[in-house]
Amino acid sequence: MKKLFYFFVALLVVACSSGPTPSDVAAQAAKEYYAQLLAGKYDHYVDGFYRPDSIPNSYRQQLIDNAKMFLGQQKTDRRGILDVRVVNAMADTAKRSANVFLLFAYGDSTSEEIVVPMVMHKGVWYMR
């Protein structure tokens with residue numbers, strides 16, 4: 001399942017390479033990672049973070065549990081995150097990094113802009 005997700009992200013990168021800018025691709029990757037979180041695919045969200053080394057399964061499970069708690073807290077505090085939109089993205093191709101600005105729309109009619117630092121590794125954008 002993990003490989004299927006990485007395949008999807010890699011396919012997105014390849015499919016978008018003919019026209020969109022690196023900023024556009026990083027933005028779509030960040031948005032997709034958060035879409036996975038909102039869909040309850042916490043493991044896919046956690047796997048969207050760049051880790052140069054492997055991590056123990058127990059630590060990975062803790063990260064998954066933290067993602068669940070984060071989403072639960074958002075539901076309690078703001079009636080959940082209803083939508084995630086890309087506001088802006090700026091990539092530095094020399095450094096293989098980007099900052100993606102996302103707008104969360106909450107169920108209580110408020111919104112919040114966050115920045116998602118991204119890093120490219122082997123042609124795939126990951127969250128930092």
Single condition N99 does not satisfy, out of (1) touching a strand residue (DSSP E or B) at 6+ places or on another chain (Cβ under 9 Å); (2) outside any strand (DSSP E or B); (3) not aliphatic (A, V, I, L, M): (2)
Would you mention how many residues in the range 89-128 are among the hydroxyl-bearing types (S, T, Y), under 27 Å from Q73 (Cβ atoms) and open to solvent by 40 Å² or more (accessible area, probe 1.4 Å)? 3
Criterion: among the hydroxyl-bearing types (S, T, Y) and open to solvent by 50 Å² or more (accessible area, probe 1.4 Å) - qualifying residue of Y34, Y50, Y45: Y50
Which of (1) modelled with pLDDT of 95 or more; (2) among the small types (G, A, S); (3) exposed (fewer than 13 other Cβ atoms within 10 Å of the Cβ) does A29 not meet, given it meets every other one? (3)
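The values are calculated or read from the model by the stated rules, or taken from the named source; none is laboratory data. None of the values given here were measured: they were computed from a predicted structure. Please note: Cβ atoms are built from the backbone with ideal geometry, for glycine as well, and neighbour counts cover all protein chains shown. For accessibility, only protein heavy atoms count, side chains too; no ligands or nucleic acids. Shrake-Rupley method; radii C 1.70, N 1.55, O 1.52, S 1.80 Å.
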